[in-house]
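See below for the structure under consideration.
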Amino acid sequence: MKEYIVLSQEVKAAKEQGLPIVALESTIISHGMPYPQNVQTAREVEQIVRDNGAVPATIALIDGKIKIGLSDEELEMFGDAKDVAKVSRRDIGYIIASKKLGATTVAATMICAAMADIKFFVTGGIGGVHRGAETTMDISADLEELATTDVAVICAGAKSILDLNLTMEYLETKGVPVLGYKTDVLPSFFNNKSNIHLEYNMDDTKMIAQTMKAKWDLHLHGGAVIANPIPDEWSMDEDFINGAIEKALLDAASQGISGKDSTPFLLGAIKEATGGKSLESNIALVKNNAVVGAKIAVDFNKLG
Ligand code: PSU
Ligand code: MN
């Protein structure tokens, strides 16, 4: 396995010194945001992780290798590249073999992070059960990965392009803990609320770290969703964002969008429908997740 994995200098040094490391995904760079905001945001998020005491490892598939941590040049090249494949679990083998550029989704980032023994991963939002999944069966592979792979994902919940209730049911069935960070309800990405109650509201990153340690010490495999609400000042008006989401869903249906194209199409359509406002909120929430994720990784590291 080792021959496929390349650590950046920074990540390699962090491993040698036993420093806490936080994984970051690359689909958010290639399919989630336009250039150059994507590269700028990725750099800023990496710096926030460092400022909070951990080492960032942005993960992508480049030239037949799994890159754990990207150099500045790699990040720039990747963010500006056109034909980047969106890579989930099923795609990893082919993209490595064909040496194509691959952007890792939440599922694939978890897999690669676990290969490098990285336990915490910061992103924007996870995939989930799509609205209408009872007929389309469109359920993100992210959920199965959360069920099996030992990486905790710090995110701002899930967008209401998904059926949030069904997503929570799926996570419950699969035994995936959903831990609220300073929230009693599941945040819905652009908005810091939803009507879904969470069992666990933790206001201390140490308790989150201890919860994950106990779970993994007991060989209860799988990840967790650590739901960190978007800060109040960036939380978007519910009616406004829901209107944009409804419009995006109608556009997707009328254009026959399905499969892996669905989520990137919807993200793009929402950005259009909000006149770019959703992008600003998206950037703000990822940065906020980076602060919390780095703190959890630091606390976990101290548990030994
Ligand atoms: N949700 C977001 N932003 C994103 C994604 C999801 O709010 O960028 C990306 C993530 O990479 C996630 C993927 O893992 O979309 C899910 O795609 P799908 O629904 O096709 O599994
Ligand atoms: Mn899907």
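Given the criteria in contact with a Leu (Cβ under 7 Å, 6 or more places away or on another chain), within 16 Å of ligand 2 (Cβ to nearest atom), of a type outside the set (Asp, Glu) and more than 18 Å from Leu285 (Cα to Cα), does Leu143 qualify?
So Leu143 passes the test.
Kindly indicate whether any position in segment 168-184 is without any contact (Cβ under 8 Å) to a residue 40 or more places away in the chain and within 13 Å of ligand 2 (Cβ to nearest atom).
The answer is no, given that none of the residues of segment 168-184 is without any contact (Cβ under 8 Å) to a residue 40 or more places away in the chain and within 13 Å of ligand 2 (Cβ to nearest atom).
Would you call Ala133 within 16 Å of ligand 2 (Cβ to nearest atom), without any contact (Cβ under 8 Å) to a residue 40 or more places away in the chain, in contact with a helix residue (DSSP H, G or I) (Cβ under 7 Å, 6 or more places away or on another chain) and not β-branched (Val, Ile, Thr)?
yes
Kindly indicate the residue of segment 118-136 that is hydroxyl-bearing (Ser, Thr, Tyr) and over 8 Å from the mean Cα position of the chain (by Cα) and also farthest from ligand 1 (Cβ to nearest atom) among those meeting that condition.
Thr135
Being more than 16 Å from ligand 2 (Cβ to nearest atom), among the small types (Gly, Ala, Ser) and touching a residue at least 60 places away in the same chain (Cβ under 8 Å) narrows it down to one of Ala113, Ala103, Ala97, so name that one.
Of the residues listed, the single one that is more than 16 Å from ligand 2 (Cβ to nearest atom), among the small types (Gly, Ala, Ser) and touching a residue at least 60 places away in the same chain (Cβ under 8 Å) is Ala113.
Could you count how many residues in segment 251-276 are in contact with a Phe, Trp or Tyr (Cβ under 9 Å, 6 or more places away or on another chain) and either within 15 Å of ligand 1 (Cβ to nearest atom) or not in a helix (DSSP H, G or I) (or both)?
Here the count works out to 5.
Within segment 152-161, track down each residue that is farther than 13 Å from Gly124 by Cβ and surrounded by 24 or more Cβ atoms within 10 Å (Cβ to Cβ).
Ala152
What tally of residues in segment 96-141 results from selecting those that are small (Gly, Ala, Ser) and part of a loop (DSSP other than H, G, I, E, B)?
Summing the residues that are small (Gly, Ala, Ser) and part of a loop (DSSP other than H, G, I, E, B) in segment 96-141 gives 8.
The numbers here are math on the coordinates, done by the rules we state, and not lab data. Computed from a predicted model, the values in this text were never measured in an experiment. Positions of Cβ are backbone-derived with ideal geometry, glycine not excepted, and every protein chain shown enters the neighbour counts.
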